[in-house]
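The values are calculated or read from the model by the stated rules, or taken from the named source; none is laboratory data. Quick caveat, the model's predicted, so the values are computed rather than measured. Cβ placement follows ideal geometry from the backbone for every residue including glycine, while neighbour counts extend to all protein chains displayed. Protein only, heavy atoms only, side chains kept; ligands, DNA and RNA dropped before computing areas. Shrake-Rupley method; radii C 1.70, N 1.55, O 1.52, S 1.80 Å.
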Amino acid sequence: KQWYQRRVRGALFDQQSSRWVLQARLMNGNLTMFGGQFEVKPDQMQALNPIFILALIPVFESVVYPLMKKVGLPTSPTFRIILGMTITACSFVICGFLQIAMEGKVSSWNDAHPGDNFTIDNFPKNEQIHILTQIPMIFVITCGEILTSITVLEFAYSYAPPSMKSVCQSLSLLTTAVGNLVVIIFSKVTDKPTYLFFMWAAIVLLAAVLQGFICKKIQGPLDEYRLKELEGKNDGVELKEKDSAV
């Protein structure tokens, strides 16, 4: 399950440093702050992702998960992974609508200036949508990353036998490379970014549904294994206590 889920996750999250940066290159990065003029570089936007992760992990642990329990929502690894994948899909939907807004900006300009025939690639950046409008989708995908990445690593490490824990962590990293290969293959479907963003959203939603079926099949045997492992540890503790008493 971990291998399958992280292939899809890696295919999407790594696009923050590729297609999302390419989108940012076409946006207005000028920013006036503290009486000065600054330019936000396209790749600088991705610095928000680790900042959001560090800020949101304590929030999820102390606020989001307890609140989910309070309202009756499950907080099992399976539910968190599926919820995280769904939220990740939402970030690509936001990205797709942002791309549509950028294309609409170009069309509106050409309609208002009949002599101009700009495309989104050569449209003046200072007239384009501001680069900070990417913040919502970066925030949303970070929430999805917290729900999926941390939960998957925790899940794999908890259920894997001692001899396989390191192997599971290695496979977890390997799937990132496989995810990048998936991006290369599926990106050949169309050269229009808008279609690609919505396509990836649909793919991850389909993956979330398949994930639910996979989890339903394997959760029972995993719980039985985990219970036997805990019982074995308890029996070992009892034997040690008896030996020490003797």
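Before moving on, here are some points about what is shown:
- The residue list T151, T176 contains one member that is within 15 Å of the chain's Cα centre (by Cα), closer than 15 Å to Q15 by Cβ and in a helix (DSSP H, G or I), which is T176.
- Flag for M45 being under 30 Å from I100 (Cα atoms), surrounded by 17 or more Cβ atoms within 10 Å (Cβ to Cβ) and of a type in the set (A, V, I, L, M, F, W, C): yes
- Pairs where the first residue, in the stretch 111-126, is more than 13 Å from N28 (Cα to Cα) and the second is surrounded by 10 or more Cβ atoms within 10 Å (Cβ to Cβ) and at pLDDT 90 or above, C-beta under 8 Å, 6+ apart: D116/W109; D116/N110; N117/N110; F118/V106; F118/W109; F118/N110; F118/P124; T119/V106
- Test: residue in the stretch 53-65 that is over 28 Å from L206 (Cβ atoms), β-branched (V, I, T) and modelled with pLDDT under 90: no
- Of all residues in the stretch 21-42 being open to solvent by 60 Å² or more (accessible area, probe 1.4 Å) and assigned to a loop (DSSP other than H, G, I, E, B), the one that is nearest to R80 (Cα to Cα): K41
- Subset of the stretch 162-172 [open to solvent by 40 Å² or more (accessible area, probe 1.4 Å) and either of a type in the set (S, T, N, Q) or touching a residue at least 60 places away in the same chain (Cβ under 8 Å) (or both)]: S163, S166, Q169, S170, L171
- Qualifying residue in the stretch 143-164 (condition: more than 30 Å from V63 (Cβ to Cβ) and among the hydrophobic types (A, V, I, L, M, F, W, C)): yes
- For the stretch 193-241, a tally of residues being farther than 30 Å from L26 by Cα, modelled with pLDDT of 70 or more and open to solvent by less than 60 Å² (accessible area, probe 1.4 Å) returns 6.
- Filtered residues of the stretch 56-83 (kept if exposed (fewer than 12 other Cβ atoms within 10 Å of the Cβ), hydrophobic (A, V, I, L, M, F, W, C) and within 18 Å of T142 (Cα to Cα)): V63
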